[in-house]
Structure formats: structure tokens, C-alpha cells
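Peer 1: This is the structure I have questions about; it appears just below.
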Amino acid sequence: MKALVTGISGFVGSHMAEFLLRQGAEVVGTIRNRSRMDHISHLLKDIRLEECELRDPFSVESLIDRERPDLIFHLAAQSFVPTSWNSPIDTIHNNVAGQVNLFEAVRRFGLKAKIQIACSSEEYGQVEPEETPIKETNPLRPLSPYAISKVAQDYLGYQYHRSYGLHVVRTITFNHTGPRRGEQFVTSNFAKQIVDIEKGRKPPVLHVGNLQAKRDFTDVRDVVRGYWLALEKGQPGENYNIASGTCYTIAEMLEMLLSFSDVRIEVKTDPSRLRPSDVEILLGDSAKFRAATGWQPEIPFERTLKDLLQYWRSQ
Ligand code: GDD
């Protein structure tokens, strides 16, 4: 069983690779020449890396022709919401063109590969209180260029399945975190600030943005197991929420992180961390995915946050 992971050097990609190796899969991953290798340096003897620029159709075609994988986990993306406001077209181009190129190459070579695509709960955007927990049938009211790029990826998955019979499973993942989470994302950003304060590398002031937003967090290690199950047991063309079913305000998440540290910290709002429009609440109903695959999250949020703090303490 050969598995291709796009974006293998990223946060989710590195955990996906670890999981796939434990399943006994042959693992090939795409990197770009500017990819950082620190998340996968411990895996280099067990995985194979291929340089591939997903925005370039020829680069993708030649990769797919050479590798002909059985499974594709398409994780490469510009995944930070604020970046999508600074340069909307880069996010749209990266996320949408990259996936179209992948689908076109699979179609062109008549590959029977099963493809998981990483869609996002950001697609739901503006959600009314009575619409939670959010089901896959909820209207999409995206609030950022990033969310738009994910809506496009999601519906391209549907369209390529319907038009050409590609085996695409659309996973709509709610927030996820854990060790190696990029430091710009909220859980990791706060954890790193706390550790920097613990180590005396920064004054005891923690900078924050909107603490009122509510998010549904799952551990990344549960998420990658979900991606595997999505291809094992999910129906092609279908979309599935992957979520814990519990949400916290960002303030509550911060309280939890602070409770795992001994330092006294002042919390200060940094206006540059506020967004032009922020999704107020994401709380997912993943009953459809659980029924189809038997998946359920196993790692409690407290442990995820402790492991994340530990990750930063060990850096
Ligand atoms: N990043 C960040 N930094 N976010 C902050 C901060 C801060 O200092 N303070 C408050 N927040 C709030 C944001 O305004 C947002 O409401 C929430 O914390 C989460 O922010 P992020 O961690 O940046 O994640 P996200 O919810 O925007 O997007 C993540 O989840 C999506 C799935 O819903 C990303 O992982 C996306 O790639 C993913 O698709």
C-alpha cells in the first residue's frame, strides 16, 4: 500500500506520516525547496520525499506518473486564516490550483487512488447559535479568503467525483492542535509565549487577539487516524465533519494552558491580532463520520495542551 502525503513536512503531514508508517504503508511525501524539515527529520530513513510544486501542473503530473499511489492524503495548503487577508490570491491559488492539478493528474493517468482532501470548518463561517452543533447540511457562509479557498476545494472534490468518478472523500476538520503546531495558530502561539516567559526569554505579558471566539479542538493524532479511516470506510464524494463535539472559548483554552504553568502572567490585547471578521463559534456534529467509520476522539484536550506545552519546553 503506497500512500502519498502532500505537505508531509507540515504539522498535520508529519503526524500523518507517523501514523501511516505504523500501519505498514510505504510513505512518499511532497516537499518544496523552501520546506522546513524539522518536523520530519526523525522520519527521513523511513519515508521518501519528492520535490513537487503543486501549483505547477507539469510538476504534479510527473509526480503522479512516477509514483502511482494507492492512497493520497492531500494536506498541503496555506492554512493560516490571517495570511489569506494579506494576500488573498496566494491562498486561493495555492489551495485551489494545487488541488485541481492533483485531480487532473489522477484523472489523466486513470489512477484508482483514494483521495482524502482537507476541507475546513471555516467553510461554515457565520453560524447562528441555533445551528450548533453544526452538521454537514448547514449553509456555508464563509468569512475569509481562506474559507473561500476551502469551499472551492470541497466542491471540487464533489465535482470530480460526480464528473469523473474520482474516489474523493471530503473531510471537514474542525480546529486541531498538538505537538509541532505552527506558532502562529492560537493554541501554539499562547503555549509558546508561556514557555518563553517561563524561560525568561520575554517579559510576563501574553499578547492575545479575540478571546471570545469559540472553537472545537481535536488532537492532531486523532485527526490523522480519522483521515485514514475516511479512506478505509468513507463513501466517495461524501463530506464528513471531524470534530470533538465540545467547544471552548479561546479565553477558557488560555485559562487551561495557564493552569499548567507556575508563572504569573498579564494578558494584554494586541489589536493587530484582531481579524476583519472572525468566525464566532465552531462546534461540530461528527455523527455522520462516526457512524460511517467508527471514529471517535481518544485524546482529552487537557493532554493535548500539556503535550503542546511540553513540545515548546523541549525546543
Ligand atoms: N492565531 C491567533 N493568535 N488566534 C487568536 C489569537 C492570537 O493571538 N487570539 C485569539 N485568537 C482567536 C482567533 O481570532 C480565532 O477566533 C481563534 O483564536 C483560532 O485561531 P487560529 O488558531 O488561528 O485558528 P482558526 O480557527 O482561524 O483556523 C484553524 O482552524 C481551521 C478549522 O476551523 C486553522 O487550523 C485552519 O487551517 C483550519 O482550517
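Peer 1: Please determine whether any residue of region 176-192 is under 26 Å from P133 (Cα atoms) and aliphatic (A, V, I, L, M).
Peer 2: Within region 176-192, one or more residues are under 26 Å from P133 (Cα atoms) and aliphatic (A, V, I, L, M).
Peer 1: Something else about it: Do we find that R32 is free of Cβ contacts under 8 Å to residues at least 24 places away in the same chain, farther than 30 Å from N210 by Cβ and basic (K, R) in this structure?
Peer 2: For R32, the condition - free of Cβ contacts under 8 Å to residues at least 24 places away in the same chain, farther than 30 Å from N210 by Cβ and basic (K, R) - is met.
Peer 1: What pairs come out if I take residues in region 38-59 that are aromatic (F, W, Y) and pair them with residues that are in a loop (DSSP other than H, G, I, E, B) whose C-beta lies under 6 Å away, six or more apart or interchain?
Peer 2: none
Peer 1: Pick out, from region 218-315, the helices (runs of 4 or more DSSP H) lying fully within it that include 1 or more residues that are within 16 Å of the ligand (Cβ to nearest atom), surrounded by 14 or more Cβ atoms within 10 Å (Cβ to Cβ) and aliphatic (A, V, I, L, M).
Peer 2: 220-233, 250-259, 301-313
Peer 1: Out of region 164-189, which residues are assigned to a helix (DSSP H, G or I) and within 13 Å of the ligand (Cβ to nearest atom)?
Peer 2: Within region 164-189, V186, T187, S188, N189 qualify.
Peer 1: Have a look at K192, K150, K202, K135 and point out the one that is within 11 Å of the ligand (Cβ to nearest atom), among the basic types (K, R) and over 14 Å from the mean Cα position of the chain (by Cα).
Peer 2: Selected residue: K192, the only one of K192, K150, K202, K135 that is within 11 Å of the ligand (Cβ to nearest atom), among the basic types (K, R) and over 14 Å from the mean Cα position of the chain (by Cα).
Peer 1: Across region 65-88, what is the total count of residues that are under 21 Å from R34 (Cα atoms), modelled with pLDDT of 95 or more and away from the ligand (no atom under 14 Å from the Cβ)?
Peer 2: Counting residues in region 65-88 that are under 21 Å from R34 (Cα atoms), modelled with pLDDT of 95 or more and away from the ligand (no atom under 14 Å from the Cβ) gives 2.
Peer 1: G10 - would you say it is without any contact (Cβ under 8 Å) to a residue 60 or more places away in the chain and within 20 Å of the chain's Cα centre (by Cα)?
Peer 2: No: the conditions fail for G10.
The values are calculated or read from the model by the stated rules, or taken from the named source; none is laboratory data. Owing to the predicted nature of the structure, the values given are computational and were not obtained by experimental measurement. Note that each Cβ is placed from the backbone with ideal geometry, even for glycine, and that neighbours are counted across all protein chains shown.
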